[in-house]
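*Asks:* Before I ask anything, let me first share the structure, which is written out below as structure tokens.
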Amino acid sequence: MGKNIVVAGLGHGGIVAAALLSEKGYDVTVYEKGSEGTLGHDWTDMFEPEALEFAGLPMPEEDMFKYKEDMTFSGPSSQKVLTQYITESNMQIVMERKDLYTYLIDFALERGVKIVYDCEVTAPIIDGERVVGIKTAKGDVFGDLIIDSCGMNSPVRRNLPKGFNIQNEIEDDGKIRIYRAFYNKCSDDEILGKFKIILYAGGHPGISWVSCNDDYTDVLIGRFKPFDEKEALEFTDFLRRTNPRLGREKLRGGQFAEIPVRHPLSVMVADGYAAIGDCAFMPMPLIGNGIANAIMAGKILADTVSEDENELYTAETLWGYQVGYYKKIGALLAPVECVKGALLKLDVKDVDYLFSTEIASEDDMKIISGLTTPEEAIKVIKSEIPKKIKSLNNNKHLVAVVMGIGAKMCKVLAVTSRMPDKWYKEKVVKWAKSYDKAFK
């Protein structure tokens, strides 16, 4: 083997892994279907600055970002809100996605990464039980290790043989379709809750937000069922009824995207292959934020690869990447998916009831937003479930739902904790089946 690393796609995690490996002396080339200077949706992203520190990346220039303000969460009626106060310990960067790509790509180029643009990746190249390359629009490319950073619908992962035991397709409820646009600000009136997140707004299972900024109002509509631009514009009109700052002139955005909102892949490595970012289903369930997770995964993957002194890049030598990722982040994502799954089974009145009776708490919103450590989240879950059941009094339906969430979380956490520390194929496959089954 050798040190020829191929990265399929310019996802955030793939860029970071490429940069850190190139810095360590590996020959790294990224193949990206987009054109140079065009990457990224026309909107902003939020992520924790701790992710940059963890990966050893410098902070962006101060004029490239700002910090997120306090957020409020509510049910569909918006009558009762929970405020998520931003403190020094849970600050998040707000940055234009195009600027974030420029920052990460520049970081990678400075460390010797080569990028081939306008080159669509179409499939993996398999030799026996090993991924040895990728098929692209410009021809076949071979490498000692293939890092799959092609996103949720990666043609590499989706075309891996079943014997690799890596999930090819994603379930319908494991992804959310979002529409996002920036509108003019039509009022300077002071308002409470400049950043509002609404669950089941208008009765639609999903999440929406209206974020009032100095120069514009940011609208996001996220649903677990397909919807088109006409429906998005009609729903934006609905949001205007309770958000007087939301103007009618669309300044930019107006794009759709799909994001995975489920537990990470139960197996994300194989001989010659590692999945990362959206390809490995790393974003936070329900909310969908995954940039920080991908950046940290890039660091964990680069460290794991560089520890492989014999440069074998097998499932066995890459397994430490998955174990490290789950210990750092994945253990928190799993129980949050249990909450998402329960919410999808509730109706509008149920969701409003949880907010109006204060059974839904600010600590719950922190967990949903990914602003806690796995240890903190587990501690809150174990202490709060009994209190929530008691507060529900005689609402048998919601008592059953909350008890179900608690039972499922305990099951998922127990299975997650039994992830094999080392790669033994039979043990890993057995564990992966039980892990995926725990979410059914």
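The values are calculated or read from the model by the stated rules, or taken from the named source; none is laboratory data. Everything quoted here is computed from the prediction, not taken from an experiment. Positions of Cβ are backbone-derived with ideal geometry, glycine not excepted, and every protein chain shown enters the neighbour counts. With ligands, DNA and RNA removed, areas are computed over all heavy atoms of the protein, side chains included. Shrake-Rupley method; radii C 1.70, N 1.55, O 1.52, S 1.80 Å.
*Asks:* Round to a whole angstrom and tell me the spacing of the C-alpha centers of the range 91-119 and the range 29-57.
*Replies:* Spelled out, the Cα-based centre of one part sits 5 Å from the other.
*Asks:* P(r) of the range 98-173 in 5 Å steps, Cα pairs, percent per bin?
*Replies:* Going out from 0 Å in 5 Å bins, the range 98-173 shows 3, 13, 20, 22, 17, 14, 9, 3, 0 percent.
*Asks:* Give me the percent relative contact order of the range 69-130, please, defined on Cα pairs under 8 angstrom at least 6 residues apart.
*Replies:* Reported as a whole number, the value is 18 percent.
*Asks:* Could you work out Rg/(2.2 N^0.38 Å) for the range 296-440, with Rg from alpha carbons only?
*Replies:* Working: Rg = 18.2 Å, N = 145, 2.2 N^0.38 = 14.6 Å.
Here the Cα radius of gyration is 1.25 times the empirical estimate.
*Asks:* Which ³J(HN,Hα) values, rounded to whole Hz and listed in residue order, are derived for the range 22-32 from phi using the Karplus coefficients 6.51, -1.76 and 1.60 in 6.51 cos²θ - 1.76 cosθ + 1.60 with θ = phi - 60°, glycine and proline given as x?
*Replies:* For the range 22-32, the Karplus-derived couplings read 4, 4, 8, x, 7, 8, 10, 10, 10, 10, 10 Hz, x marking Gly and Pro.
*Asks:* Please work out how much accessible surface residue 3 shows to a 1.4 Å probe, ignoring ligands, DNA and RNA, in Å² rounded to 10.
*Replies:* Taking all protein chains as shown, residue 3 has close to 80 Å².
*Asks:* Could you give the accessible area per residue of the chain, probe 1.4 Å, as a whole number in Å²?
*Replies:* Heavy-atom accessible area per residue stands at 44 Å².
*Asks:* Mean 1/r over all different Cα pairs, inverted: what Kirkwood radius does the chain give, in Å?
*Replies:* Values: mean 1/r = 0.0445 Å⁻¹.
Mean inverse Cα-Cα distance, inverted, gives 22.5 Å.
*Asks:* Just to check I understand the Karplus step: with θ = phi - 60° and J = 6.51 cos²θ - 1.76 cosθ + 1.60, what whole-Hz values come out for the range 115-131, glycine and proline as x?
*Replies:* With the stated coefficients, the range 115-131 comes to 10, 10, 8, 6, 9, 6, 8, 10, 5, x, 10, 10, 10, x, 10, 10, 7 Hz.
*Asks:* Any idea what the alpha-carbon Rg over 2.2 N^0.38 Å comes to for the range 1-82?
*Replies:* Working it through for the range 1-82, the quotient is 1.56.
*Asks:* Given the pairs 68/250; 408/440; 225/408; 340/427, which span a C-alpha to C-alpha distance of over 18 angstrom in this model? Walk me through the intermediate numbers first.
*Replies:* On the way: 68/250 22 Å; 408/440 10 Å; 225/408 24 Å; 340/427 29 Å.
Over 18 Å apart, Cα to Cα: 68/250; 225/408; 340/427.
*Asks:* Quick one: how many Å² of residue 424 are accessible to a 1.4 Å probe, rounded to 10?
*Replies:* About 130 Å², rounded to the nearest 10.
*Asks:* I've got another one for you. Suppose every Lys and Arg Cβ carries +1 and every Asp and Glu Cβ carries -1, with no other charges. What dipole size does the chain come out with about its Cα centre, to the nearest 20 debye?
*Replies:* So the magnitude is around 2000 debye.
*Asks:* Of all accessible surface on the range 20-108 at a 1.4 Å probe, what whole percent is carbon and sulfur? Don't skip to the answer; put the middle values down first.
*Replies:* On the way: 1930 of 4240 Å².
Carbon with sulfur: 45 percent of the solvent-accessible area.
*Asks:* Quick one: which residues, 5 or more positions from residue 195 or on another chain, have an amide H under 5 Å from its amide H? H modelled 1.01 Å from N in the peptide plane, none for Pro or chain starts.
*Replies:* Answer set, sorted by chain and number: 72, 212.
*Asks:* Given q = 0.13, 0.21 Å⁻¹, what are the Debye log10 I(q)/I(0) values for the range 258-378, with equal point scatterers placed on the Cα positions and solvent ignored?
*Replies:* For the range 258-378 at q = 0.13, 0.21 Å⁻¹, log10 I(q)/I(0) is -0.56, -1.12.
*Asks:* Could you check which residue among 73, 235, 195 shows the biggest mean-square fluctuation in a GNM of the chain with a 10 Å Cα cutoff?
*Replies:* Per the Cα network of the chain with a 10 Å cutoff, 235 tops the list.
*Asks:* Taking Rh as the Kirkwood radius computed over C-alpha pairs, what is the Stokes-Einstein D of the range 1-159 at 20 °C in a medium of viscosity 1.002 mPa s, expressed in µm² per second? List each step's numbers first, then the result.
*Replies:* Values: Rh = 17.5 Å.
Using the Kirkwood radius from Cα pairs, D works out to 122 µm²/s.
*Asks:* Past 21 Å, Cα to Cα: identify those pairs from 387/433; 175/345; 162/328, in the order given. Intermediate values should be presented prior to the final figure.
*Replies:* On the way: 387/433 33 Å; 175/345 16 Å; 162/328 28 Å.
Beyond 21 Å: 387/433; 162/328.
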